[in-house]
Amino acid sequence: MADIDARLTDVSTKERLGRIMFRAWRRGFREADLVLGPFADQVGPALGDDELDSLEALLAEDDDHQLYAWIIGTEPTPARHETLVMSKIRSFMRDHVAAAVAEGAG
């Protein structure tokens, strides 16, 4: 936890996470927002720089429907996005988002 706290006091890291969180919550496709927004909020601060690079590359994708299809596994994920971060997003969705949807969220 101390490592995360230290990273969040670094202005550039804090600003970077802020941009990532903003973009994750404002995809333009509600289903993607409901996965990526909470992921960025809850998991983002614990990601290393390489993982943040992967998340930023994923968030730079324009086709939100396709991005969501990669996350839920209905379309194959391009090799460039088949990363540890994608695995973490999928696990996050299974563990957190799916339970919230089952309870009536969304």
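The values are calculated or read from the model by the stated rules, or taken from the named source; none is laboratory data. Model, not experiment: these values are computed from the prediction. When we count neighbours, we look across all protein chains shown, and the Cβ atoms used for this are built from the backbone with ideal geometry, even at glycine.
Only one entry in D63, D53 is over 21 Å from R16 (Cα atoms) and not hydrophobic (A, V, I, L, M, F, W, C), namely D63.
Only one entry of E51, E31 meets the criterion of being modelled with pLDDT under 95 and assigned to a helix (DSSP H, G or I), and that entry is E31. On the given criteria, is A46 in contact (Cβ under 8 Å) with a residue 24 or more places away in the chain, out of contact with any strand residue (DSSP E or B) (no Cβ under 7 Å at 6 or more places or on another chain) and farther than 14 Å from S87 by Cβ? The answer is yes for A46.
Just checking, which of A32, A46, A102, A40 is surrounded by fewer than 11 Cβ atoms within 10 Å (Cβ to Cβ) and either within 14 Å of the chain's Cα centre (by Cα) or among the aliphatic types (A, V, I, L, M) (or both)? Among A32, A46, A102, A40, only A102 is surrounded by fewer than 11 Cβ atoms within 10 Å (Cβ to Cβ) and either within 14 Å of the chain's Cα centre (by Cα) or among the aliphatic types (A, V, I, L, M) (or both). Taken over the stretch 59-102, the criterion of being among the aromatic types (F, W, Y) and closer than 21 Å to D49 by Cβ is satisfied by F92 alone.
For every residue, the table says whether it meets (1) modelled with pLDDT of 90 or more; (2) under 25 Å from T13 (Cα atoms).
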position: Q66; (1), (2): yes, no
position: M86; (1), (2): yes, yes
position: I89; (1), (2): yes, yes
position: R94; (1), (2): no, no
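For residues in the stretch 61-86 being touching a residue at least 24 places away in the same chain (Cβ under 8 Å) and more than 14 Å from R27 (Cβ to Cβ), which is surrounded by the fewest Cβ atoms within 10 Å (Cβ to Cβ)? Selected residue: L84.
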